[in-house]
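Participant: Dropping a structure here in structure tokens format, bear with me for questions.
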Amino acid sequence: MRNWILHLGTLALVAVLLVTLPPYHATNLARILVLVVFAIGYNLAFGYTGLLSLGHALFFAAGVYGAALPVTYLGLPQLPALIAGLAAGGVMAALVGLLALRTAGVSFMIVTLMFAQAGYLTLLYFNPVTGGDEGLVLPDAATLLPGLSADAARATIAFALFATALIAALVIVQSRLGRTMVAMRENEERSRMLGYNPFAVKLAALALSGLFSGAAGAAYALLFGYAGASFATIQYSILPMLWVLMGGAGTVLGPLIGTAAMFYLVDIAGSYTTATLLFVGVALVLLILFAPKGILGTIRERWLTWLP
């Protein structure tokens, strides 16, 4: 009950902020919420299952282009395109998992990175269709919800997607599958002795992670009107890892805290210097020294042990 009160209260607070913040910050918050969904997906694989992947940019880009290509070339309405992007991310993750999960540890990380890089090069190769680095420009977000302005439609859909992802993640981690994922992270061999199939559990976790990542990619393309090959670069595999580590790996609300903290850290630092990565590096060093389990992970360890 405490978990549900906390998470529903968080959703209520986010909804109030979207309505009351000035337009600039409300737009930033909508962008953050979409990226949080990406981080939630990464957290399911890394934080709960122990799968350190450097290939999640591929799943995010699959969602971006799974939505953008049907809209651009087939005239598909944007809301069905959002579902298409979600499915593209999940299918791509499952296909990668069938091969990559035959490895483990550093080998798994390298294999997923290779798949992501192959995806990026493929997007560049088919530049006439994908737009390559220049990308594709999509219709205004206002067409998603007729009758609302672009900002209102963007905020509404971003919040709906975030709320769905947060509740789904909470249900997953508290379910039997979620507990089995944690068991795989803690001791895979003991889980195997108890009769669980590590490959099947990890594949399910990676596919779920791909669904969240694909949904985030599709929403990002549709809400902000752009799809480009840059979304498949290594940067978009490292970013969700940093967000999760900062907020607290293996916590449901950690991705929200980490994504918001790093977004505004870069935003504020950018008003003073172009060396924003220096501030990010210092923040991560301090985090490792004083809160190695992330912000919420440290809070859970020291005070709120009941947090999922």
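Participant: Please list, in order along the stretch 171-186, the HN-Hα scalar couplings obtained from phi with the Karplus expression 6.51 cos²θ - 1.76 cosθ + 1.60 (θ = phi - 60°), rounded to whole Hz, x for Gly and Pro.
Facilitator: Residue by residue, the stretch 171-186 yields 5, 4, 6, 8, 7, 4, 4, x, 5, 5, 4, 5, 4, 5, 5, 7 Hz.
Participant: Taking amide H atoms as placed 1.01 Å from N in the peptide plane, list the residues 5 or more away in sequence, or in a different chain, whose amide H sits under 5 Å from that of residue 135.
Facilitator: HN-HN under 5 Å from residue 135: 229.
Participant: Another question, if that's okay. FRET efficiency for residue 298 and residue 126, Cβ-Cβ distance as r, R0 = 41 Å, nearest 0.05?
Facilitator: For residue 298 and residue 126, the calculated efficiency is 0.35.
Participant: Specify which residue in the list 206, 168, 196 is farthest towards the positive end of the charge dipole of the stretch 156-217, using unit charges on the beta carbon of Lys, Arg (+1) and Asp, Glu (-1), about the Cα centre.
Facilitator: Checking the options against the dipole of the stretch 156-217, the answer is 196.
Participant: Does the stretch 112-220 classify as rounded, prolate or oblate by the C-alpha gyration tensor (a ≥ b ≥ c root eigenvalues; a/c under 1.5 gives rounded; else a/b over b/c gives prolate, otherwise oblate)?
Facilitator: Oblate is the answer for the stretch 112-220, as a/c is 1.5 or above yet b/c matches or exceeds a/b.
Participant: Cut-off is 10 Å between beta-carbons; in what order do 102, 185, 192, 154 appear when sorted fewest neighbours first?
Facilitator: Ranking 102, 185, 192, 154 by Cβ neighbours within 10 Å, fewest first, gives 102, 192, 185, 154.
Participant: Return 241, 1, 92 ranked ascending by Cβ neighbour count within 10 Å, so the fewest neighbours appear first. Intermediate values should be presented prior to the final figure.
Facilitator: Working: 241 20, 1 5, 92 24.
Going from sparsest to densest Cβ surroundings: 1, 241, 92.
Participant: Each residue of the stretch 64-80 in turn: what ³J(HN,Hα) in whole Hz from Karplus with 6.51, -1.76, 1.60 and θ = phi - 60°, glycine and Pro shown as x?
Facilitator: Once θ is set to phi - 60°, the couplings for the stretch 64-80 become 4, 7, x, 8, 6, 5, x, 5, 6, 9, 10, x, 5, x, 6, 5, x Hz.
Participant: Tell me, in nm to one decimal, what length is gained between residue 200 and residue 28 on full extension, where the rule is 0.36 nm per residue of separation less the Cα-Cα distance?
Facilitator: Values: separation 172, 0.36 × 172 = 61.92 nm, distance 3.79 nm.
That pair, residue 200 and residue 28, stretches by 58.1 nm at full extension.
Participant: Here is a further query. Tell me, what ³J(HN,Hα) does each residue in the stretch 18-31 have, in order and in whole Hz, if you take phi through Karplus 6.51 cos²θ - 1.76 cosθ + 1.60 with θ = phi - 60° and put x for Gly and Pro?
Facilitator: Result, ordered by residue: 4, 7, 9, 5, x, x, 4, 6, 5, 5, 4, 5, 4, 5 Hz.
Participant: Something else about it: Put a dot 7 Å past each Cα toward the Cβ at residue 265 and residue 140; how far apart are the dots in nm?
Facilitator: 3.7 nm
Participant: Roughly how many whole Å is it from the C-alpha centroid of the stretch 76-103 to that of the stretch 209-243?
Facilitator: The distance from the Cα centre of the stretch 76-103 to that of the stretch 209-243 comes to 12 Å.
Participant: Testing the spin-label approximation: label points 7 Å from Cα along Cα→Cβ at residue 11 and residue 284. State their distance in nm.
Facilitator: Between residue 11 and residue 284, the label points sit 3.3 nm apart.
Participant: To the nearest Å, what is the center-to-center distance of the stretch 40-60 and the stretch 262-308, using C-alpha atoms only?
Facilitator: So the two Cα centres are separated by 19 Å.
Participant: GNM on the chain, C-alpha springs below 10 Å: top fluctuator among 143, 20, 156?
Facilitator: Of 143, 20, 156, the Gaussian network model singles out 20 as fluctuating most.
Participant: If R₀ is 25 angstrom, what is the calculated FRET efficiency for the pair residue 305 and residue 193, using the beta carbon separation as r and rounding to 0.05?
Facilitator: Working: r = 28 Å, r/R0 = 1.10.
Once the sixth-power term is evaluated, E becomes 0.35.
Participant: Check residue 226: other-chain or 5+ apart residues with amide H under 5 Å from its amide H, H built from backbone geometry?
Facilitator: Sorted by chain and number, the residues that satisfy this are 138.
Participant: Any idea what the relative contact order of the chain is, in percent, if you count C-alpha pairs under 8 Å spaced at least 6 apart?
Facilitator: It comes to 31 percent, rounded to a whole number.
Participant: Sort the stretch 2-232 into rounded, prolate or oblate with this rule: let a ≥ b ≥ c be the square roots of the eigenvalues of the Cα gyration tensor; rounded if a/c is under 1.5, and if a/c is not under 1.5, prolate when a/b is larger than b/c, oblate otherwise.
Facilitator: Cα axes put the stretch 2-232 in the oblate bin.
Participant: While we're looking at this one, here's another question. How large is the charge dipole for the chain, taken about the Cα centre, if only the Cβ atoms of Lys, Arg (+1) and Asp, Glu (-1) carry charge, to the nearest 20 debye? Write down the numbers at each step before the final one.
Facilitator: Values: 13 positive and 9 negative charges, 185 e Å.
Charge dipole of the chain: 880 debye, to the nearest 20.
Participant: Please label the shape of the stretch 1-61 as rounded, prolate or oblate, based on the square roots a ≥ b ≥ c of the eigenvalues of the alpha-carbon gyration tensor (a/c under 1.5 means rounded; beyond that, a/b larger than b/c means prolate, else oblate).
Facilitator: oblate
Participant: Could you list 196, 120, 24 so that the one with the fewest beta carbons within 10 Å of its beta carbon is first and the one with the most is last?
Facilitator: Least crowded to most crowded, the residues run 24, 196, 120.
Participant: Taking only DSSP H segments of four or more residues, each worth -39500 (n - 2.57), what value at 222 nm results for the chain once the sum is divided by all its residues, to the nearest 500 deg cm²/dmol? Before the final figure, lay out the partial values.
Facilitator: Working: 14 runs with 226 residues, N = 308.
Taken over the chain, the calculation gives -24500 deg cm²/dmol.
Laboratory data are not the source of any read-out in this text; all were calculated from the coordinates shown. Here the structure is a predicted model, which is why all the values come from computation and not from measurement. All Cβ positions, even for glycine, are placed from backbone atoms using ideal geometry, and neighbour counts span all protein chains on display.
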